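Remarks on the structure that follows.
The values are calculated or read from the model by the stated rules, or taken from the named source; none is laboratory data. Values in this document were obtained by computation on a predicted structure and should not be read as measured data. Cβ placement follows ideal geometry from the backbone for every residue including glycine, while neighbour counts extend to all protein chains displayed.
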């Protein structure tokens, strides 16, 4: 539990820093900046956990704390799905676990579907509310 909180706070800090930098530079709208920051932080955590897993196999190497799987999956569910997919396939981490190889892309498809429905419904709802009489 202690590592979960530490990694979650570190992820939040990295996400906030990247989001603020992108928003300040007006590179992206705030939501886009937050999602970009979250995806970069998610990819970084996958890379860190891959390094920790590789070092755990070596006898004389220092042991690094591992990132809990539930946090890696939660970050994908909170909007860091692209970073999670990049971590799985670019860093080659968690490729033997079906809940990552199949689950993370399923989470991303669900998020894209929800976003499409939201974008479709919100303008329709705004037209209904704003239309005269």
Would you mind listing the helices (runs of 4 or more DSSP H) fully within the range 51-126 where at least 3 residues are at pLDDT 90 or above and under 24 Å from residue 12 (Cα atoms)?
69-75, 81-89
Among the residues of the range 30-44, is there at least one that is at pLDDT 85 or above and not in a helix (DSSP H, G or I)?
no
In this structure, is residue 90 loosely packed, with under 14 Cβ neighbours inside 10 Å, at negative phi and out of contact with any strand residue (DSSP E or B) (no Cβ under 9 Å at 6 or more places or on another chain)?
yes
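Suppose the filter is within 27 Å of residue 115 (Cβ to Cβ) and either surrounded by fewer than 21 Cβ atoms within 10 Å (Cβ to Cβ) or more than 16 Å from the chain's Cα centre (by Cα) (or both); does residue 75 pass it? Lay out the reasoning, then the answer.
Working: within 27 Å of residue 115 (Cβ to Cβ): yes; either surrounded by fewer than 21 Cβ atoms within 10 Å (Cβ to Cβ) or more than 16 Å from the chain's Cα centre (by Cα) (or both): no.
Against the criterion (within 27 Å of residue 115 (Cβ to Cβ) and either surrounded by fewer than 21 Cβ atoms within 10 Å (Cβ to Cβ) or more than 16 Å from the chain's Cα centre (by Cα) (or both)), residue 75 does not qualify.
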